[in-house]
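Working notes, structure below.
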Amino acid sequence: MSCYKNIFENLPFPCLLFEKKNDVFIISEANTLYCEVTNLNGKELKGKMIEEVFPENPSSSSGLERILKSLETAYKNQKPHKIKILKYDLYNEQNDNYIQKYWEVENIPINDDAKDTRYILNVVKDITAQILEKDRCNMLQVKLDDKIKKHDQIIEKVTDGLFSLDREGSFVSLNKGFIDIAETSESDLYKMNFLPFCSEDHREKILKKFNAAIGGTNQTFEADFISGKGKKMVLEISLVPLRNSKTITGIYGIAKDITRLKESEVAVYRSERKFKALVQEGSDLIGILDLNGKYKFVSETSSSVLGISPKDFIGKTAFDFMHPEDQERVIEEFSGLEFKNQIQIDPFRFKNAKGEWRWVQTKATNLTNDPAVGGIVTNSRDITDQIISQKAIKESEERYRSFFENSLDAVMVTIPDGKILAANPSACRMFQMSEKELCSVGRSAVTDSGDPRLTAALDIRRQTGTTSAELTFVRKDGTKFPGEITSSIFKDPDGNSRSSMIIRDITKRKISEKELLEVNESLRTNTKELIRANKGLEQFSFIISHNLRAPVANILGLTQLLIEESYSNDMKINLRKEVESNAQRMDKVIKDLNQILQLKQDFSEAKQAINFNEIVQFIEISLHDILERENIKIVTNFEEINQVRSVRSFIYSIFYNLIFNSIKYRQPGVDAEIKITSKKENGIISLIFQDNGLGMDSSIKKDDIFSLYKRFHHHIEGKGMGLFMVKTQVEMLGGKINVLSKVNCGSTFIIKFSNKKFKL
Amino acid sequence: MINGVQHYLVVDDDSTSNLLCKLIIQKFDAKAIVASYLRPEEALEYIIEKYSKTNKSIPTILFLDVNMPTMTGFEFLDRFLKFNTEIQQQFTVYILSSSMEDFSSERKKYPSIADFLSKPLMVSHLKEIHHQKINVF
């Protein structure tokens, strides 16, 4: 035994010797190496069960069971039993943890014939390092496999085209992405090189790039290509030379379709252009200023808007261009940008190249924090024209307001249906109401509804939009007055129908119009007189031509005879008498003319009360002799009216001439009777002179009866002066004379005056 | 000019004028026969009476005034021109007026008027009338 014991102690493997006692394997011996490996000594191990010496790791059990089973198997079968890999962690007392351990275990049955005792030699080999390395390798393999798998997927899935070419440019490998881009089947591609896909314009350029890559330098470029189906596209190509040790065997390439990108780049470029155009060519002036108002950038529009080129602004301060009166305010407003991102600066005056002040409105945006701008962006607009027109509007509004407030006419704004919306002070004065009262009572309270011109005026306004009329208006106290109104319908800015009413009190004008009418009336009378005077002048020329010329011609003829001829004395006396009588005739005419001219002077005599009876009495006295001698009777009837107020000499002359006319043309052998009657009827005063004289055929000679020097009878000397005088005087007094006459039946002269001409 | 006697008829309401006419005519032609009327109505009656009953033509020069009270010279002519032509043909009508009026419209209206003379009648007027008559015939 001691011999075996020696061998056992020195075995090159850690060994334990188990003895089965009471069906339990107990450690009977442990060799030196085992003690070394387990850091235990033999005494501690001896007589113990394995689990007592090596507490099992609770987290990875089954190791103990496998050992016990292997011991049992070896003992039972009397054959060695081996466990190739056994995980059995060792407890570390110091750290109170388990150290992972893998073992190769072999249980060998040993028979001690002498004692008839059977032992199990337990040989263990620590294979932890081997196992762990193997595990690591397995893990790596799995990972690698996974990576390869993923990589393949990526290559297949990427939309970019991946490809490799040989030195001749023929395709060696490619992914699905490339097939999609090329729009050509995989099998076809393997038979081709890249050239058919190059656009004609870029073929040379692409070839150059390929050659450069083959030459050993990486290439990245954009070029136009055409797909297998003829689609035009822009590809971004990266070419990397494929090196096999030191020689370049081909090219690895990536093709990226950037057609869309290009399109969007173009779009971006265009929109940039648009923006640029806006900045450069718009009517707005765009500037970028620093916080102190110094220009960093000014758009090209400054040339067209202000006549100042953009470069002349750079480095200058905006405020220096401003009107001194506006400067302070604008600086203050501008400083607001420290707290606000955007401000609107009220219009200010800005000097242009000509030194004129232009009104400018500016919106300023603080973009100092935007690295792309780094300043305050100002959008300015020249609103001078706008300001001027606004001023004009304001002025005109001011004018209208002033007109409204100060007009002497009443001005009201109404709704066409009659509601008053506004009334000026003159309207208030005119209608004795406050504006408030006027607004509440409306048009109907100030107009006279009984005035028929009102509806007519409103009708015209409705039809034509405007009307002017004279209407009766009513004050608050109910008194009425004449007014002239001008009214027009217009639309207010909101499109509502409104009407303006401008009313003028024309009471005074009406009075003066009345006066004017009277003046006109008197003017008309004067005109009539002038016409009469003109008629008189015609008569005058007639008188000169005939009634003066006739006696003159006679005298001329007579004197010739007296000088040249030797007539008898009697004859000569006779001729001289003729000369004398013609001279007297001439004198009479001249006197008559004087009398006519005198009429005008008499007319200006003051009017006075005249009694018809008195006049007749005077005439009877002056004609006493002939009335007595010829037994002529004058019968008067002035019961209706005996007294008038007029020009005395005229009335006298009218009565005298008419009476004398009746006497002159009385019927021989008949007692003459002259009837004079006055009548007053409907404001008309009539004087009727009726005789029983010769009468005239008035139907034939009516117009001539009153003409100067007209006679209708041969036996009576006379020149018709009387009736001419009567007619002239009647007309000068504003009356009319008419005659009714029949041969041998007498004449009736009727004189009519309107009552107005004779104030009693 | 039968028997070499020239007849004259003067119609004028102015008696002086009539006297003058008679004296001047007689001075020009002592054998002349002058009839004068103050009233035109009477003159017309005289014409009808004297100039229509005879078979012989009585060449007569008529001096007619314009402004007369009951009938103007032209109204006289209106009636005269209604007489038969045998009567009318015996007259040569002259208007003799003191008026300085322009009778141009009447001149057109009455072409039968030989001439318009202005008063007073002179021997020279008669000489010219006589001269014209000779030229006409």
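Coordinate-derived values only; no laboratory data. The shown structure was predicted, so the numbers you read here are calculated from the model rather than taken from an experiment. Quick reminder, even Gly has a Cβ in these numbers, built from the backbone with ideal geometry, and neighbours come from all protein chains shown.
General observations
- When +1 charges are put on Lys and Arg Cβ atoms and -1 charges on Asp and Glu Cβ atoms, the dipole computed for segment B:17-93 relative to its Cα centre reaches about 320 debye.
- Among A:L207, A:I154, A:T128 - extreme Cα towards positive end, dipole of segment A:108-230, charges at beta-carbon: A:T128
- Restricting segment A:629-690 to GluC sites (Glu not before Pro) that sit in a DSSP loop and have at most 11 other Cβ atoms within 10 Å of their own Cβ leaves A:E639.
- Per residue of peptide B:57-67, the mean number of Cβ atoms on other chains within 10 Å of the residue Cβ is 1.
- Between A:E236 and A:N526, the simple label model (points 7 Å from Cα in the Cβ direction) yields a spacing of 10.8 nm.
- Potential lengthening of the chain between A:Q617 and A:Q667 amounts to 15.6 nm, from the contour at 0.36 nm per residue minus the alpha-carbon distance.
- Qualifying lysines (Cα of each under 20 Å from Cα of A:K191; at least 8 residues distant if same chain): A:K176, A:K229
- Here r is the Cβ-Cβ distance between A:R167 and A:T259 and R0 is 25 Å; the resulting FRET efficiency, rounded to 0.05, is 0.30.
- 10 Å Cβ neighbours from other chains, averaged over peptide B:11-17: 5
- Coil-residue chymotrypsin sites (Phe, Trp or Tyr not before Pro) of segment A:332-438, DSSP, other Cβ within 10 Å capped at 13: A:F339
- Taking a straight Cα-Cα cut-off under 18 Å and skipping sequence neighbours fewer than 8 places away in the same chain, the aspartates and glutamates within cross-link reach of A:K572 are A:E564, A:E580.
- Averaged over peptide A:546-556, the number of partner chain Cβ atoms lying within 10 Å of each residue's Cβ comes to 6.
- Ranking of A:T507, A:T362 by count of other Cβ atoms within 10 Å, fewest first: A:T507, A:T362
- Along the axis of the charge dipole computed for segment A:266-389 (Cβ charges of +1 for Lys and Arg, -1 for Asp and Glu, origin at the Cα centre), the listed residues A:P324, A:I286, A:V268 are led at the positive end by A:V268.
- Phi to ³J(HN,Hα) by Karplus 6.51 cos²θ - 1.76 cosθ + 1.60 over segment B:32-37, Hz, x for Gly, Pro: 4, 9, 10, 10, 10, 10
- FRET E, pair A:Q584, B:Q26, Förster distance 25 Å, beta-carbon r, rounded to 0.05: 0.40
- Straight-line cross-link reach from A:K82 at under 18 Å between alpha-carbon atoms covers these lysines, not counting any fewer than eight positions away in the same chain: A:K69, A:K101, A:K125.
- In this simple spin-label approximation, A:A372 and A:E200 carry label points 7 Å from Cα along the Cα→Cβ vector, and these lie 4.0 nm apart.
- Rounded to 0.05, the FRET efficiency of the B:S57 and B:K127 pair, given R0 = 22 Å and the Cβ-Cβ distance, is 0.40.
- Here's the picture: a label point sits 7 Å out from the Cα of A:S434 along the beta-carbon direction, and within segment A:407-427 the residues with their amide nitrogen under 15 Å of it are A:423-425.
- Over the residues of chain B, the helix contribution to mean residue ellipticity at 222 nm works out to -13000 deg cm²/dmol, using -39500 (n - 2.57) for each DSSP H run of at least 4.
- Working from label points 7 Å from Cα in the Cα-to-Cβ sense, the A:K508 to A:E395 distance is 3.2 nm.
- What the phi angles of segment B:56-61 give under the Karplus curve with 6.51, -1.76 and 1.60, with θ = phi - 60°, is a coupling list of 8, 7, 10, x, 10, 9 Hz, glycine and proline written as x.
- Summary of the geometry: segment A:40-59 and segment B:3-55, compared by the centres of their Cα atoms, lie 209 Å apart.
- Lysine pairs within segment A:266-389, Cα separation less than 15 Å, 8 or more sequence positions apart or different chains: 6
- Computed about its Cα centre, the charge dipole of segment A:266-389 is approximately 460 debye, with only Lys, Arg, Asp and Glu carrying charge at their Cβ.
- Estimated at 0.36 nm per residue, the fully extended path between A:L740 and A:K87 surpasses their Cα-Cα distance by 217.5 nm.
- Total charge dipole magnitude, the protein assembly as shown, about the Cα centre, Cβ charges on Lys, Arg, Asp, Glu only, Debye to nearest 20: 2160
- Mean residue ellipticity (222 nm) of chain A, computed from DSSP H runs ≥ 4 via -39,500 (n - 2.57), nearest 500: -13500 deg cm²/dmol
- Annotation: amide H-H contacts under 5 Å for A:K680 (H modelled 1.01 Å from N, sequence separation of 5 or more, or interchain): A:S686.
- Order of B:I113, A:I503 under a 10 Å beta carbon neighbour criterion, fewest first: B:I113, A:I503
- Fewest-first ranking of A:L575, B:L62, using other Cβ atoms within 10 Å as the exposure measure: A:L575, B:L62
- Net charge of Cβ neighbours under 15 Å - reference B:S36; Lys, Arg +1; Asp, Glu -1: -4
- Looking at segment B:1-83, the trypsin sites (Lys or Arg not before Pro) that sit in a DSSP loop and have at most 12 other Cβ atoms within 10 Å of their own Cβ are B:K31, B:K56, B:K82.
- Extension gain from A:K176 to A:A267, taking 0.36 nm per residue of separation minus the Cα-Cα distance: 29.7 nm
- Amide H within-cut-off set for B:M68, under 5 Å, with H built and near neighbours excluded: B:G73
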